[in-house]
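The values are calculated or read from the model by the stated rules, or taken from the named source; none is laboratory data. Everything quoted here is computed from the prediction, not taken from an experiment. Counting neighbours? That spans all protein chains shown, and the Cβs are built from the backbone with ideal geometry, glycine included.
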Amino acid sequence: MIDALLHAIPLVFAPMNILAMVIGLVAGLIVGCLPGLTVVTGLAVLIPLTFGLDPLFALGMMAGMYNGGSYGGAIPAILMRVPGTPASVATVLDGYKMTQQGKAAYALQVALLSGVIGSVLSSVALILLSPPLVSFSLLFGPIEYFWLGILGLATVSSLLGDDLPKGLIACGIGLLIGAVGQDISNGTERFTFGQLDLLDGFSAIVLLTGLFAVPPVLQIVEEAVKTGMSGDKLKLHRQGSALSQWRFFTPVWIRSSIIGIVIGILPGAGGSMSSFLAYNEARRVARNPETFGHGNPEGVAASECGNGADNAASLIPALALGIPGSGVAAVILGGLLVHGLRPGPQLFREHPDIVYGFMLQFLATSFLLAIVGGLAATRIFGQVLRLPRIVLAPVILLFVTIGVYSVNNSLFDLWVLLGVGLVGYVLERLDYPSAPIVLGLLLGPMVESQLRLALTISGGNAAALVSTPIAIVLALLSAAILLTPAWRLLRQRRGAPA
Amino acid sequence: MEVTEEAAPAARAGGSRSPVEIAFALALVAVSIGAIAIASSYPVESAAYPVAIAAGTAVLGLWIALRELLRRRHGVPTPGAFAHHAPRLVVAVAALVVYFAAVGLIGFILPSLALCILLPAAAGFRRWGLSALVGIVCVVAILLIFVYALGRPIPDDLLSPLLAKLR
Amino acid sequence: MLKRLSITATLGAALLMAGAARAEYPEKPIEMIVAFAPGGGTDVAARSIARYMEKYLGGNARIGVVNKPGAGGEIGWTAVAQARPDGYTIGFINAPAINALVVEGKTKFKMADLQPIANLVYDPGVLVVPKTSSYASLKDLIDAAKEASTPIVIGTSGASGSSEHIALLNFQRLAGTRFTPAFFGGTAPVRQAVLGGHVPAATMNLSEALQIAREGNIRVIGVMSAERSPYLPDAPTFREAGYDVVVGASRGIAAPKGVPADIVARLEKAIDQALKDPEYLDAARKAEIPLQYLASSDFKAFLDRATTDLEATWKATPWK
């Protein structure tokens, strides 16, 4: 392995390949920060163009696009409350609050640095730990995925907000929306009203965009502020530097990276779950959990670090087994195949310099992201905030509209966007929290389908659900997460009279 | 810079959002019951999950509605107005509806330009040049990224034959 | 919807009329509809072939891939069937999934509304078991199924009514036993489940099983093709074991019915040439894409046969 790594280094840092990585990063930043456009789309367009190119040139672009795209999603999430990708929803919670408090540049820097650290650690895991991690991921079957979904849903407990029934309602709304669409195991069309567009359910990206992007548009028009943010607030000085506070952030980074890597190697769990779980964990162990959701930089750090750590890790099962851990990994797999690189253990034997080169490119693009992303985010994207706020309303709407349209090329989705946006506005004005809706929406279908698969496989025997060690561990973890807030409350009550 | 209007409207102090609270909670109950009714025709294994959730949201919705009614009886309805500024909210919602309808009818480009200029104007913003410039820059950027670089289609547009000639 | 489309179309046409009258085809970009999301197998196949079709259509032919995903392909296929038959809208269709939808009788189009142009890929189905499994052959599996008190579970990558599910229904009828299908809804999850031994057996397409089977991580106990696959010559077919189960997923290109014959011929030829392009062929061979070119008439016969077969199955054992 060391040999292969040493061999790969000069290839990776050949000028052409550095260029490829930078091109990929910039393209990734662009597709990531536009809601509705995802890295998957970017890669799908890119791959056919890489036929006949040097594999490492093509793979460098892919690595760059993956890392760039995952940070790109955080930019509009922080600056405009519009998550560029589903994985950046958890970033909105604290990131946008920081922007409102005039700390946009700081928030972006925290997000960037955390994302970079997450992806660096994830790349290191990819390089060093692929084989053992692969066998771990194979331990996950429907039973384990069911509990993983439950674990994700349990994190809702820390996102419910101050009004418990409203938090639960929000979660229920998400779960209900997630139930729309065809039931794959018997073809029953649930709540589709004969609409073909609903057969696969609502697309998550359309719902998330509606939920998060439309309410601020309405609010901006209502407030009708005719000035923009002053340029000062986009300069870093006096906002603090995340780099010099590394001691403060390190525990969050380590925990979030571990969470991101573990979720990343489990096929099908995906980036949004990593960022939410990392966010929840940061909040759960924090001394001041009540400051989360009100502009706590740790929230941004946890979410983005978890998201970044998901990236390279999701390639571990893809490279070693041919099982893509995410949509992006699936497309990258396709890209490897057209260059004749067949995933599986033999890949490491037959093309070690390319495999390790690709892994190194992940590492290299993570570092390059720190430069390219830093320049792009504050120097270019941040300046948008200097426009008068009222002018931003149509700008947000334009990008959201075209992004949502291009997900399915369907006008139907635009009306869904509007409908969800209006409901989202009402929910927001009535203090219903939005994060539980997202979790319900993303994880509900996973929990239901995996539970039913598990029961089908076990012949309807419910005891099978706790028949494996991992299932039991996950179930206990879920219970612990659910009980933490209750326990904390109890302790406070006991402490109060004394 | 120039005219900075005070954001918080004066009307806020008097109003309460409590009617909206109750209306929304009841609407939620109605939707949940509707969902249960619809799901009752599905096979059991498909119906169980949505019915369980809908039952939960129905109960919670009733809880919120009752709680708000009780609060009103005690003279402490949930404070705070529903809208920041109701007239402008109505304008904004109407603008969105018209915009989406127009995108469906005549495509993306013209309605987007119109929205960029007219929506700020409706809220009292009078720097037309800036609005128009921002609109044009955005539309051009979107066309460049989505249509030319990524080959994603935009809604059928009145101007698309023109664009095709420009390629 | 249709009305709006036709308004735009008329306006567009009116503006274009200013230019040339019917010039050499293609005089404007061709839209290639893909009924699945960007990044999926069909999408990648479409974007790859589109580049080479452009080359062989000559001039400055342009093909734009348009994804209309949803409803298991139905949205995109409906769009192809209902498009203007002017040769500027073509689309990828996936048999037998498209035939199954039509046979179920809920689609807004019939197979006759489509003009098959050419088939590109044929990927047979396979039945696989984990490497630790005690089933070494189809016979072992059937014997075990007949003795078992509860039906053996077979994971499938599709949903109910997918070609794999239908193949399974046919197989259990021919074998005189019963299996319980577990629908994973995607290839990655079912592959993981079978690799990890979470299901006793699973179905998927050959190309999806190829690499892990070669590595010995799973065993292919039956290929649903007429003859053994050149990519995996050791794997026996269902026919060899005495069960006539021949099912596979195909990807081909079709246009709406009524496209002028000369345009169909132009497209057919361009696809044939593209599939023979050394650069394309090289990439396809490296990626082990099971290419199978069928010209328009053969493709039509192939689709017709799939429809008839499915109608018979639907009568005997409706899958929904």
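Scanning segment A:157-179 for residues that are in a helix (DSSP H, G or I), of a type outside the set (A, V, I, L, M) and touching a helix residue (DSSP H, G or I) at 6+ places or on another chain (Cβ under 6 Å) returns A:Ser157, A:Ser158, A:Pro165, A:Gly167, A:Cys171, A:Gly172, A:Gly174, A:Gly178.
Condition (residue is surrounded by fewer than 19 Cβ atoms within 10 Å (Cβ to Cβ) and over 30 Å from A:Leu489 (Cβ atoms)) applied to segment A:157-175: is it met by at least one residue? Checking segment A:157-175: not a single residue is surrounded by fewer than 19 Cβ atoms within 10 Å (Cβ to Cβ) and over 30 Å from A:Leu489 (Cβ atoms). Residues in segment C:271-320 that are of a type in the set (Lys, Arg) and within 19 Å of the chain's Cα centre (by Cα): C:Arg285, C:Lys300, C:Arg305. Applying a threshold of 7 Å to beta carbon distances and a minimum spacing of six or more residues, or different chains, the list of pairs starting in segment A:326-342 at a residue that is over 15 Å from A:Met61 (Cβ atoms) and hydroxyl-bearing (Ser, Thr, Tyr) and ending at one that is assigned to a helix (DSSP H, G or I) and at pLDDT below 75 reads A:Ser326/A:Gly271. Can you name the residue in segment B:55-106 that is in a loop (DSSP other than H, G, I, E, B) and more than 24 Å from the chain's Cα centre (by Cα) and, of all such residues, is nearest to the other protein chains (Cβ to nearest Cβ)? The selected residue is B:Pro77.
Does A:Gly187 count as assigned to a loop (DSSP other than H, G, I, E, B) and within 14 Å of chain C (Cβ to nearest Cβ)? Show your work before the answer.
Details: assigned to a loop (DSSP other than H, G, I, E, B): yes; within 14 Å of chain C (Cβ to nearest Cβ): yes.
Yes; evaluated as a whole, the condition is true for this residue.
The number of residues in segment B:112-123 that are touching a residue at least 24 places away in the same chain (Cβ under 8 Å), within 14 Å of A:Phe399 (Cα to Cα) and facing chain A (nearest Cβ under 9 Å) comes to 1. Within segment C:193-209, the set of residues being at pLDDT 85 or above and in a helix (DSSP H, G or I) comprises C:Ala193, C:Val194, C:Leu195, C:Leu206, C:Ala209. Within segment A:77-97, residues that are within 20 Å of A:Thr291 (Cα to Cα) reach partners that are charged (D, E, K, R) and assigned to a helix (DSSP H, G or I) with beta carbons closer than 6 Å, at six or more positions or on different chains, in the pairs A:Thr91/A:Glu304. Can you find a residue in segment A:440-451 that is in contact (Cβ under 8 Å) with a residue 60 or more places away in the chain and out of contact with any helix residue (DSSP H, G or I) (no Cβ under 6 Å at 6 or more places or on another chain)? Yes, segment A:440-451 has at least one match.
Residue by residue, here is whether (1) at the interface with another protein chain (Cβ under 7 Å from one of its Cβ atoms); (2) charged (D, E, K, R); (3) in contact with a strand residue (DSSP E or B) (Cβ under 9 Å, 6 or more places away or on another chain) holds:
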site: A:Pro142; (1), (2), (3): yes, no, yes
site: A:Gly161; (1), (2), (3): no, no, no
site: A:Leu164; (1), (2), (3): no, no, no
site: A:Gly167; (1), (2), (3): no, no, no
site: A:Gly174; (1), (2), (3): no, no, no
site: A:Gly178; (1), (2), (3): no, no, no
site: A:Thr192; (1), (2), (3): no, no, yes
site: A:Gly201; (1), (2), (3): no, no, yes
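Among the residues of segment B:124-167, those identified as surrounded by 15 or more Cβ atoms within 10 Å (Cβ to Cβ), more than 7 Å from every other protein chain (Cβ to nearest Cβ) and part of a loop (DSSP other than H, G, I, E, B) are B:Arg127, B:Asp157, B:Leu159. Mind checking which residues of segment A:298-324 are at pLDDT 90 or above and either under 13 Å from the mean Cα position of the chain (by Cα) or within 14 Å of another protein chain (Cβ to nearest Cβ) (or both)? Within segment A:298-324, A:Val300, A:Ala301, A:Ala302, A:Ser303, A:Glu304, A:Cys305, A:Gly306, A:Asn307, A:Gly308, A:Ala309 meet the criteria.
Look at segment A:428-447 and say how many of its residues are farther than 21 Å from A:Ser274 by Cβ and either at the interface with chain B (Cβ under 9 Å from one of its Cβ atoms) or hydroxyl-bearing (Ser, Thr, Tyr) (or both). Quick ask: steps written out before the conclusion?
Looking only at segment A:428-447, we keep the residues that are farther than 21 Å from A:Ser274 by Cβ, and these are A:428-432.
Of the ones still in play, those that are also either at the interface with chain B (Cβ under 9 Å from one of its Cβ atoms) or hydroxyl-bearing (Ser, Thr, Tyr) (or both) are A:429-432.
Of the residues in segment A:428-447, 4 are farther than 21 Å from A:Ser274 by Cβ and either at the interface with chain B (Cβ under 9 Å from one of its Cβ atoms) or hydroxyl-bearing (Ser, Thr, Tyr) (or both).
One residue alone among C:Ser163, C:Ser149, C:Ser157 is within 10 Å of chain A (Cβ to nearest Cβ) and either small (Gly, Ala, Ser) or surrounded by 24 or more Cβ atoms within 10 Å (Cβ to Cβ) (or both), and that residue is C:Ser149.
Residues of segment C:267-299 being outside any helix (DSSP H, G or I) and of a type outside the set (Ser, Thr, Tyr), which ones? Give the steps one after another, and end with the answer.
Taking segment C:267-299 as the starting set, the residues that turn out to be outside any helix (DSSP H, G or I) are C:277, C:287-295.
The answer is C:Asp277, C:Ala287, C:Glu288, C:Ile289, C:Pro290, C:Leu291, C:Gln292, C:Leu294, C:Ala295.
Among all residue pairs at least 6 apart or on different chains, which show Cβ distances below 6 Å where the first residue, located in segment C:35-64, is at positive phi and the second is modelled with pLDDT of 85 or more and among the hydroxyl-bearing types (Ser, Thr, Tyr)? Final answer for the pair search is none.
Being more than 29 Å from the chain's Cα centre (by Cα), of a type in the set (Lys, Arg), not assigned by TED's automatic domain parsing to the domain that holds C:Leu101 and not in a loop (DSSP other than H, G, I, E, B) is not true of C:Lys139. Test C:Trp319 against the criterion of being crowded, with 19+ Cβ neighbours inside 10 Å, of a type in the set (Phe, Trp, Tyr) and within 14 Å of chain A (Cβ to nearest Cβ), and give yes or no. So C:Trp319 fits the description; yes. Selection within segment A:325-370: residues that are among the aromatic types (Phe, Trp, Tyr) and more than 14 Å from chain C (Cβ to nearest Cβ). The member of this set that is nearest to the chain's Cα centre (by Cα) is A:Phe362. Of the residues making up segment A:146-156, none is outside any helix (DSSP H, G or I) and either within 14 Å of chain C (Cβ to nearest Cβ) or in contact (Cβ under 8 Å) with a residue 40 or more places away in the chain (or both). Cβ separations smaller than 7 Å between residues 6+ apart or across chains give the following pairs from segment C:206-217 residues that are farther than 11 Å from C:Val128 by Cα and facing chain A (nearest Cβ under 8 Å) to residues that are assigned to a loop (DSSP other than H, G, I, E, B) and basic (Lys, Arg): C:Gln211/A:Arg342. Among the numbered criteria (1) more than 10 Å from chain B (Cβ to nearest Cβ); (2) modelled with pLDDT under 85; (3) more than 30 Å from A:Ser114 (Cα to Cα), which one does A:Asn409 miss? A:Asn409 satisfies all of (1) more than 10 Å from chain B (Cβ to nearest Cβ); (2) modelled with pLDDT under 85; (3) more than 30 Å from A:Ser114 (Cα to Cα) except (1).
Here B:Ile109 clears all of (1) more than 9 Å from chain A (Cβ to nearest Cβ); (2) aliphatic (A, V, I, L, M); (3) crowded, with 20+ Cβ neighbours inside 10 Å; (4) over 30 Å from A:Gly228 (Cβ atoms) except the condition numbered (4).
So which residues in segment A:431-458 are assigned to a loop (DSSP other than H, G, I, E, B) and farther than 21 Å from A:Leu139 by Cβ, if there are any at all?
Here is the first cut: in segment A:431-458, the ones assigned to a loop (DSSP other than H, G, I, E, B) are A:431-434, A:458.
Once the filter is applied, which keeps residues that are assigned to a loop (DSSP other than H, G, I, E, B) and farther than 21 Å from A:Leu139 by Cβ, segment A:431-458 yields A:Asp431, A:Tyr432, A:Pro433, A:Ser434.
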